[in-house]
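Notes follow the structure.
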Amino acid sequence: MCGIVGYIGKEKCLEKIINGLESLEYRGYDSAGIAYKVKNHIRILKKEGRITNLKNDLDLQQDSFIGIGHTRWATHGRPCQLNSHPHQVGAITLVHNGIIENYEELKKELQYEPISETDSEVLAAYINQMYQESQDILSVLSTLEKKIIGSYALGILVEGEDKIYAIRKDSPLIIGRSEDGNFIASDVPAILQFTKKYQLLLNHEYAVLEKDHVIIFQDGKEVEREVLTFVGEKEATMKNGFAHFMLKEIYEQPKVIYDTVQCYIKDDYMNQMAFLDEFDAIDIVGCGSAYHAGLVGASLLKKYGDIPVQVAVASEYRYTKQFYQKNHLLIVISQSGETADTLAVLRNAKEQGIHTLTIVNVVGSSIAREADQVFYIKAGVEVAVATTKAYTCQLALLSLFACYLGIKRGILKEDVLSLYDDLGSQIETILKEDALIKDVAQFIQNKNDIFYLGRQVDYALCMEASLKLKEVSYLHSEAYAAGELKHGTISLIEEGTPVISLLTDEELFLKTLSNVKEVVSRGAFSVIITNQEIMDKTLYQKMIQLPKTLDLTGGILVMVVCQLLAYYVALYKECDIDKPRNLAKSVTVE
Ligand code: AGP
């Protein structure tokens, strides 16, 4: 996703902006650019590719105290220098994160012929045209929303003004505050090296930043906005000796899962979860890995809570007619709290009067602010595009919901919570004893198609395991319901096809094992990840044995193995692990 960083202050701006953009690299991008004022002239430099290409052509020490920078993740128009930001039209120079859906209509109102392929340039021209008529940028910003359909977070420079203007609708933007100046940024990590103080710019608001002053406007009127302090350590955005953020975050899981669980079980757990008694049906919605976490959570909630739960991807759910029951609960899961489709589902449900709860990681994110109930996970800043620790923290929190319902129904005792005491050491053991995982990674790194097989909760885990491998290693893999394989896809199994089977569901163990036999008899390279005993050694080339535990935490252990497997395959293939091609950390566009 695009990244925005701007600075206005007493100190030089270029190095701050570039460093801020580098902190946002994890969001994914294909070009970068910067606009900065030297004396009273706005200079623009933009380059395709990495930020270093920009840095190489910049004198970071030159006297410039106002600037806006941008990393572009292409939506409208190819990744190229012409399409990259900032875009300058007339008196207006801007950087944009989001999608302008009505940019073709806007174009028709312009006395200007765009030179790029982007919606952002059309927006710059439109704002400039309004500004030329009124000569009042604030009045332009106060009416922009009436004209623009889509999402935007904008940093704007106006010719002749020593100010930065910021405005947002459905794309995130925060304002950093410090003694020596003020920032705009798409996300907190961009400013942490300069300040931990920030203000939220809420949806539909705009702001004016001067070097020692910030005014925020809501519905055209000045509003006071609390200055927040980021809670968390700056080193969250540093690798601290790990080769990649992804590996660091895999290794952080014992701690962050403990922090997440303790936040809810250390005091008054039953009361904190008692809200669940009010509901007769649950929908769980998310995208990507958040959706996969929902699938695992749904399996546990149905089993222990005896409650109907349906799970859907947000981009489908939002366009599907819902037949909400009385006392229906919608749970939206999101690490970033800014995923456009998930946010849209939340808003639609609230309009229909459905109670909404979010499981979210980023404090103060749009989804966190707009849900009726917020259950934070404590994963800390997750930098790698491929989520690991946030996903397992989501599983842990969902299992706490299931535990509560199981205890209330008398099928679990309160001492089941001691399960979580062992989880950290169980994960540590997997992290330490990863030789077998590396062996499997060596074998599959040159394969074209890898199958993950499982049933029920193991199938849900296969979905995430497969996504992890695809995301970071670019190997094609497929998660398959083990019982479904023989209905067609088994035709793809040939000598040496890697098939990774997840067998942690005790009741279905033998059934899934028979599916393993089917693929082995066709020459598959069989890897089994299980917490059960397997006597027949002909059923696998490699077996990764996990400790026996309840399914409430068993999925987390399986996923740590699969995360490491994906990581090592990507490492051996020398992929760009923390910033996989085409991917963004937070998909704030639809
Ligand atoms: C996870 O590895 C992916 N990068 C992606 O599927 C992600 O889970 C999805 O975009 C949802 O993001 P969110 O949790 O921030 O809403």
Query raised in the report: So which strands (runs of 3 or more DSSP E) stay within segment 246-362 end to end and still have 2 or more residues that are touching a helix residue (DSSP H, G or I) at 6+ places or on another chain (Cβ under 8 Å) and within 30 Å of Leu431 (Cβ to Cβ)?
Result: 281-286, 328-334, 355-360
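Residues checked against (1) at pLDDT below 95; (2) open to solvent by 30 Å² or more (accessible area, probe 1.4 Å); (3) within 16 Å of the ligand (Cβ to nearest atom):
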| residue | (1), (2), (3) |
| --- | --- |
| Ser425 | yes, yes, no |
| Glu428 | yes, yes, no |
| Leu431 | yes, no, no |
| Ile450 | no, no, no |
| Gly454 | no, no, no |
| Leu469 | no, no, yes |
| Tyr474 | no, yes, yes |
| Lys486 | yes, yes, no |
Requested in this report: Determine whether Leu417 is more than 15 Å from the ligand (Cβ to nearest atom) and in contact with a helix residue (DSSP H, G or I) (Cβ under 6 Å, 6 or more places away or on another chain).
Outcome: yes
Report summary line: The residue that is most open to solvent (accessible area, probe 1.4 Å), considering only those in segment 101-132 that are within 23 Å of Ser171 (Cα to Cα) and aliphatic (A, V, I, L, M), is Met130
Query raised in the report: Which one of the conditions (1) away from the ligand (no atom under 16 Å from the Cβ); (2) of a type in the set (S, T, N, Q); (3) under 26 Å from the mean Cα position of the chain (by Cα) does Asn327 fail to meet, given that it meets all the rest?
Result: (3)
Report summary line: Ser399 meets each of (1) within 22 Å of the chain's Cα centre (by Cα); (2) within 24 Å of Lys579 (Cα to Cα); (3) more than 16 Å from the ligand (Cβ to nearest atom) with one exception, condition (2)
Requested in this report: Could you list all residues from segment 14-56 that are charged (D, E, K, R), within 25 Å of Ala91 (Cβ to Cβ) and either without any contact (Cβ under 8 Å) to a residue 40 or more places away in the chain or touching a helix residue (DSSP H, G or I) at 6+ places or on another chain (Cβ under 8 Å) (or both)?
Outcome: Lys39, Arg43, Lys46, Lys47
Report summary line: Filter segment 456-467 for residues that are open to solvent by less than 20 Å² (accessible area, probe 1.4 Å) and in contact with a helix residue (DSSP H, G or I) (Cβ under 6 Å, 6 or more places away or on another chain); the one that is nearest to the ligand (Cβ to nearest atom) is Glu464
Query raised in the report: Given the conditions (1) part of a helix (DSSP H, G or I); (2) within 28 Å of Lys542 (Cβ to Cβ); (3) of a type in the set (A, V, I, L, M); (4) within 16 Å of the ligand (Cβ to nearest atom), which single one is not true for Ala384?
Result: (1)
Query raised in the report: Within segment 572-586, how many residues are open to solvent by 60 Å² or more (accessible area, probe 1.4 Å) and within 13 Å of the ligand (Cβ to nearest atom)?
Result: 2
Query raised in the report: Out of segment 502-547, which residues are without any contact (Cβ under 8 Å) to a residue 60 or more places away in the chain, farther than 26 Å from Lys303 by Cα and among the charged types (D, E, K, R)?
Result: Lys517, Glu518, Arg522, Asp536, Lys537
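The values are calculated or read from the model by the stated rules, or taken from the named source; none is laboratory data. Quantities reported herein were computed from a predicted structural model and do not represent experimental measurements. Please note: Cβ atoms are built from the backbone with ideal geometry, for glycine as well, and neighbour counts cover all protein chains shown. In case anyone asks, the SASA skips ligands and DNA or RNA and just uses the protein heavy atoms, side chains included. Shrake-Rupley method; radii C 1.70, N 1.55, O 1.52, S 1.80 Å.
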